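Worksheet: one structure, shown below.
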Amino acid sequence: MEQHITDDLSSLLAILPPEIAEALTEINRYNDLLEVILDLGRVPTARFTDGEYNLLNREVTQDDLDLVVLQVGDFDADNRAGIERTLHRISGIRNRRGEVVGLTCRVGRAVFGTIDIIRDIIESGNSILILGKPGVGKTTMLREAARVLAETKRVVIVDTSNEIGGDGDIPHPAVGKARRMQVPTPNLQHEVMIEAVENHNPEVIVIDEIGRELEAQAARTIAERGVQLIGTAHGINLDNLLLNPTLSDLVGGIESVTLSDEEARRRGTQKTVLERRAPPTFDVLIELQDRHSLFVHGDVTLAVDTLLRGRPSLPEVRSRTAGGEIVVQPPPEPQQPSQQGNGRKSKSKKGDGSAKQAKGGSQAWAPSVEMETPRAAAKPVEPANSKRMQSVYPYGIARNRLIEAARRFKLPLRVVDSLDEADVLLTLKNFYRRRPRLVADAEHQGVSIYVLRSNTVTQIEDFLVELFEVQSDVTEDSDDLLQRAMREAREGIQAIMNGMPSIDLSPQKASIRRQQHELARQANLQSHSYGRDPDRHIRIYRG
């Protein structure tokens with residue numbers, strides 16, 4: 001379905017000072033306009049999709065601000081106002097005396113067809129939480145979802161700031177047949193949510209910007225009454241939501257649980273672990289990356305449990321091409337662990353730490369390695385005995401260490417400066433879990449992804465052993481292994497001293513781990529062993 005956009009921009013231009021409205025007309029980029037910024041004593045600016053531009057050479061005066069304030073509706077308790085029967089939002093900045101000294105005039109647009117990319121999910125009857133940073137299009141998608149569902153179901157919108165249904169008592173046509181309940185003040189949003197269920201017999205409740213604990217509790221109450229709930233929250237991904245103490249209950253919440261000795265040994269973890277506290281309020285979580293791509297966690301329960309066990313969740317990737325075609329990339333099947341020793345054909349024990357340590361999701365689709373699989377299928381990497389040059393793009397990895405390690409092993413490796421030239425993306429666990437655009441691009445392009453726990457020489461060398469399947473020519477005796485293990489421990493301690501919160505070392509046998517613990521103690525740092533042999537390793541952190 002082709003997208004149709006309506007924005008009533010003439011209504012917004014009519015309330016602006018004539019000089020500013022004329023400047024916007026001369027620029028003539030209405031479809032790209034996001035906001036108009038008016039701050040007292042500063043030049044007026046317009047924010048477009050590609051940046052911010054000055055509109056006039058003079059500063060904004062108090063008369064300019066008063067002219068806009070007089071023409072819009074009353075400001076609510078959250079300092080927001082609107083223009084009746086439109087979706088535009090005017091947000092005020094006040095001084096200590098309560099006077100308006102700044103205005104953010106955001107353009108509100110109804111985009112018909114924007115939910116085609118998730119229409120099957122919306123119509124499934126599952127409760128859905130849409131996550132994304134401000135300005136990425138959450139409210140626009142929510143509004144369109146309400147309109148589509150209202151054609152066949154009883155839909156009630158709880159509209160806290162009139163962003164979904166527009167300002168005024170009559171809702172904007174963009175919400176279709178959906179009914180709209182306005183909220184007197186933001187701190188009463190949770191009460192209006194419950195009132196909507198109790199008084200108006202809805203099949204679907206639509207709520208924008210769940211941001212307080214009481215609202216999260218009200219959302220759980222609604223979902224448990226059998227009503228489909230579609231809501232939005234600010235955040236980047238599921239990891240952020242789990243770490244947010246106010247909103248984590250939306251996905252079940254987390255709590256610390258003490259395991260029995262037997263259970264801790266069975267799991268190969270410490271006795272105190274994090275577990276999901278309750279069933280998630282929402283069945284499906286959608287992470288908006290931008291206006292044309294998103295990640296879908298179809299089973300929030302599974303996704304949360306996976307993350308709490310230190311493994312990456314594997315969402316479905318959906319995107320819309322420039323031609324309007326919707327591309328759906330299902331999550332890859334988790335790779336089964338190798339059954340042989342350390343998962344390597346080499347006789348060397350040198351590489352026991354690299355990939356196995358990277359529990360957060362390590363290399364993609366290299367069948368001899370025991371680790372997690374990232375979100376998209378990738379090209380298989382040929383071993384070194386094929387003598388094929390491997391091009392590696394390091395992201396967050398010390399290039400000099402990578403180059404030096406490749407020289408030491410005499411491996412055909414080339415470090416490149418562009419993902420387009422790379423066969424392999426090498427990055428760190430904390431970068432991978434943040435899901436930067438670079439990682440998503442690598443997955444879409446089919447570039448293999450290797451994830452290391454830490455930026456140490458030892459783990460970089462272990463990565464090369466895995467990548468090139470290095471054979472016995474790089475085997476080491478026990479003294480070499482001890483020296484490498486202690487060197488990695490010293491590098492890890494230095495990283496903690498430089499500000500890193502914690503670092504995981506490569507798996508080692510008990511005698512070596514004891515010496516690593518002693519190094520950490522001498523540096524006044526804490527250390528703890530995790531996992532089962534032969535994968536038992538040390539984590540160093542500040543006390």
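Throughout, read-outs are computed from the coordinates displayed, never taken from laboratory work. In this text, all values refer to a predicted model and were calculated from it rather than measured experimentally. Because the Cβ atoms are built from the backbone with ideal geometry, glycine has one as well, and the counts that use them run over all protein chains shown.
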**Asked** Check Arg414: other-chain or 5+ apart residues with amide H under 5 Å from its amide H, H built from backbone geometry?
**Response** Gln390, Ser391, Val392
**Message:** Can you find, among Ala489, Ala520, Leu505, the residue sitting farthest towards the positive end of the charge dipole of the range 478-541, where Lys and Arg contribute +1 and Asp and Glu -1 at Cβ?
**Reply:** Ala520
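Within the chain, what percent of beta bridges assigned by DSSP are antiparallel, to the nearest 5? Don't skip to the end; give the middle numbers.
Numbers: 51 of 86 bridges.
The antiparallel fraction comes to roughly 60 percent.
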**Asked** If you wrap the range 1-146's Cα atoms in a convex hull and average its projection over all directions, what's the area in nm²?
**Response** 10.2 nm²
**Cα-only Debye scattering, the range 416-466: base-10 log of I(q)/I(0) at q = 0.28, 0.31 Å⁻¹** = -1.15, -1.22
**Asked** What order, most packed first, do the peptides 203-214, 497-508 have when packing is the mean number of other Cβ atoms within 10 Å of each residue?
**Response** 203-214, 497-508
**For the range 218-321, the fraction of alpha-carbon pairs in successive 5 Å shells from zero, as %** = 2, 11, 20, 22, 18, 13, 8, 5, 2, 1, 0
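Find the percent of Cα-Cα distances in the range 112-208 that exceed 23 Å, and round it to a whole number.
Working: 831 of 4656 pairs.
Cα-Cα pairs in the range 112-208 separated by more than 23 Å: 18 percent.
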**Message:** Using the basic label-point model (7 angstrom from Cα toward the beta carbon), what is the Asp66 to Ala398 distance in nanometres?
**Reply:** 6.3 nm
**Request:** Could you tell me the largest-minus-smallest coordinate of the C-alpha atoms of the range 478-541 on each of the three principal axes, in descending order and whole angstroms?
**Result:** 30, 23, 15
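Order these by the 10 Å Cβ neighbour count, fewest first: Tyr450, Tyr541.
Tyr541, Tyr450
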**Complete:** Full extension between Met389 and Lys153 adds, at 0.36 nm per residue less the Cα distance, a length in nm of 79.1 nm
**Message:** Given R₀ = 30 Å, what would the calculated FRET efficiency be for Asp480 paired with Arg434, taking r from the Cβ atoms and rounding to 0.05?
**Reply:** 0.30
**Item:** Spread of Cα-to-Cα distances over 10 Å intervals beginning at zero, given as percent, for the range 111-329
**Value:** 8, 34, 34, 16, 6, 2, 0
**Prompt:** Using alpha carbons only, what's the Rg to Rh ratio of the chain with Rh from Kirkwood?
**Reply:** 1.04
**Asked** So what is the relative contact order for the chain, in percent, with contacts set as C-alpha pairs under 8 Å and at least six apart?
**Response** 9 percent
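At 222 nm, what value in deg cm²/dmol follows for the chain if DSSP H runs of at least 4 each add -39500 (n - 2.57) and the sum is divided by all its residues, to the nearest 500? Walk me through the numbers on the way to the answer.
Numbers: 17 runs with 163 residues, N = 543.
Helix contribution divided over all residues of the chain: -8500 deg cm²/dmol.
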**Simple label model, 7 Å out from Cα along Cβ direction - Asp74 to Arg311, nm** = 5.6 nm
**Item:** Antiparallel bridges, percent of DSSP beta bridges restricted to the range 111-329 (to nearest 5)
**Value:** 45 percent
